[in-house]
Structures are given as structure tokens and as C-alpha cells.
Amino acid sequence: MTKAKRNRLIYNIVTFALVIGAFLLLQSMIANKSITRSLKGQLVPICCWVVMAVSLNLVIGISGELSLGHAGFMSVGAYTGAVISGWLLNALGVDNTTLRLVLAIVAGGMAAGVMGALIGIPVLRLRGDYLAIVTLAFGEIIRNLVNVLYVGVADGRLTFSFLNKSMPEGVTMLVDGAKGAVKIKPISTFTAGFVLILITLIVVLNLVNSRAGRAIKATRDNRIAAESMGVPVTKYKMMAFVTAAALAGMAGALYGLNSSTVVPTQFTFNQSINVLVFVVLGGLGNVLGSVISATLLTVLPEMLRAFSDYRMLVYAVVLILVMIFTNNPLIRSVLSSAVAPIKRALRGKKQGGETA
């Protein structure tokens, strides 16, 4: 096994071990009732934001393209999941919450993936900041469209309407314009969020370490050189972009089915910037960093709620300090020195096993 493969294996093992360990710890705290109500209520959103951060890192950190409309894909998944769940319950009488949740998440991911493909086909052939501008516009377009969208169930069929609420008699409203998705039966669970994180990590890490992943990174590092070697740049950038959009849609479906109402104002440009902060703070291309930063920055505002007048100020100061320290060469060298003995120990065990 080469050194690069060994490092990737160690990185993947550490990533999955931390995620699984955190899940088991939190499940133990829930069983022993030693977890606060506020933190318990944040578990599903934390899972959603972790998936959002890891998926956006695939576009920004791995593919090298700037996307500012990731919340738009999340909103597509949230509304699609709410509609599918409501339709299964009200039209088909499906009472199995697990089945409804799984189908809603799958439908949300597929819908967001299709939207990602529709946007990526014309845009990913361009260079520069065009993708950032178009994805930003996409997020705002989606938010304004769902403001005037009405969806209801009547006689087992879905009824859609824009701009006016022209619905037949006896309809059960699922999406009510600016009021958002209404009458949702919250069915999301922390276990479902944990499984979704595992699926996201498996998809992203396998893609990054595959032949396609190496091609994606090659197009990021030097597009001209990749094209000269015969790498279909648009194809691989599209692969990363659509995969990230689908994962964001699945996170949106999980997020939407965690509360009784989903409104368009939950998926503004600010949410896309928040996810971008998670990615940058965790490190571009660093999947484990995205997991950790999304978790900490989601919990941090709640931890600072005691300082209600200054908590967002403290939050901003913490962000600045973390960025300064994580980009400090001295601190990086200290961390490398601390990790070096562990790497030497693992290398020694490996060599000892080969000798035996």
C-alpha cells in the first residue's frame, strides 16, 4: 500500500469513527436523559447542515467552482419532501412514517438533482464567476416561485396552482403560497439524519478517491492541462455539481419534515452564505473539517443564547479568531508535530506486521 493510499485510509477511518462515535454518545445521552432539550431539538438540523456543508465542499473544495445558491437546492428538496409525504399520507393513507420519510428524502434528492442538471448544463461550460452569479439567481428565483405556489390533494390527486389559489372543493392544502408548506407531520429523526450523513460521506469520499474524483481535481488545479490530456471537463464538473445538488435536496427533505411548517424565508441567500462559512472554516476540500465546523457553528449560537444582546457579535468574533488561527503557519506546524508521533506509530505497526 502506497503512502497516499494509507493516508486516505486513515483519514476515512477517522472521519467515520468520529461520526459514529458522536452518534453513539448522543444516543446514550438521550437514553439517560442527560441532554438538554435545546440540544436535542438541534440534532436533526445539525445533521442537515453537515450534509449541506459536505455537499457544498464537493463543489467548492473538490471541483473548484463557487456556488452561492445551495440553499435553493435545499428548498427544492424541502418542498418536494413535504408534498410527497403529504400526498402519501392524505391520498394513499400511508401511515408508516419511516417509509414516508425515506420516499420523501429520495424524491427531494431526485428533484434537486434534476434542477442541478438543468442549471449545470448551460453554466458549467463557462468560466470565471458565472456559476456563482447564476446559482445565486437560481436561489432567489426558487424562493420567489414558492412564494406563489399552491399545492393541494383532492380525490387522491395533486393539484398545482401559481399566483392564485384556484383549488377544487374539499382540497387538503400542502403548500399555501407565502405561508409555505403547511400541516406537515414531523417525521424526521436523529437516526435518519445520522444515516443520511453516512450516505453522504460514503458518496463524497468514494467519488473523491475514484478515477472521476482525480479527474475533477485535475480540472480544478489546471483546466487547460486537463483538457489537453483529453479529460472531459464539463462532464466531471457536472458530476460533482449534480451530486452536491442531490445531497442538498435530501438534506432539505429531512429538514422540512422536522417541523410542522416550512416557509420560503428559511432558504434565503443568507443560508447559502452560512453553508459557505462552514466549508471555508472547515477547510476547502476537507470533508472532516466540514463535518466539524457545521456541527460547532450550528450549536454555537444556542450556546451563546445566555448572552442574548451580544451573542451574534461573539459568534462573529469567534469566526474571525478561528480563521486566523487555522491559517497561521506556526499553529499548523505545531499540529503537524503533534500528529507526527501517531503517524510514526501507525507506520511502525504496519512495518511490524509485514515483517511478521
Out of 303, 238, report the one residue that is without any contact (Cβ under 8 Å) to a residue 60 or more places away in the chain and not acidic (Asp, Glu). 303
If we keep just the residues of the range 200-235 that are over 24 Å from residue 51 (Cα atoms) and in a loop (DSSP other than H, G, I, E, B), which is least open to solvent (accessible area, probe 1.4 Å)? 231
Looking at the range 280-287, is at least one residue of a type outside the set (Gly, Ala, Ser), assigned to a helix (DSSP H, G or I) and more than 22 Å from residue 15 (Cα to Cα)? no
So, first residue at pLDDT below 75 in the range 310-328, second residue outside any helix (DSSP H, G or I), Cβ within less than 6 Å, six or more apart or across chains; the pairs are 311/304; 314/304
Collect the residues in the range 143-191 that are at negative phi, open to solvent by less than 20 Å² (accessible area, probe 1.4 Å) and part of a helix (DSSP H, G or I), keeping them in residue-number order. 146
Residue 254 fails exactly one of the following numbered conditions: (1) out of contact with any Ser or Thr (no Cβ under 7 Å at 6 or more places or on another chain); (2) closer than 18 Å to residue 198 by Cα. What is the number of that condition? (1)
Is it the case that residue 118 is assigned to a helix (DSSP H, G or I), out of contact with any strand residue (DSSP E or B) (no Cβ under 6 Å at 6 or more places or on another chain) and over 24 Å from residue 154 (Cα atoms)? yes
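The values are calculated or read from the model by the stated rules, or taken from the named source; none is laboratory data. The shown structure was predicted, so the numbers you read here are calculated from the model rather than taken from an experiment. All Cβ positions, glycine included, derive from the backbone under ideal geometry; neighbour counts span all protein chains shown. All accessible areas refer to the heavy atoms of the entire protein, side chains included, with ligands and DNA or RNA removed. Shrake-Rupley method; radii C 1.70, N 1.55, O 1.52, S 1.80 Å.
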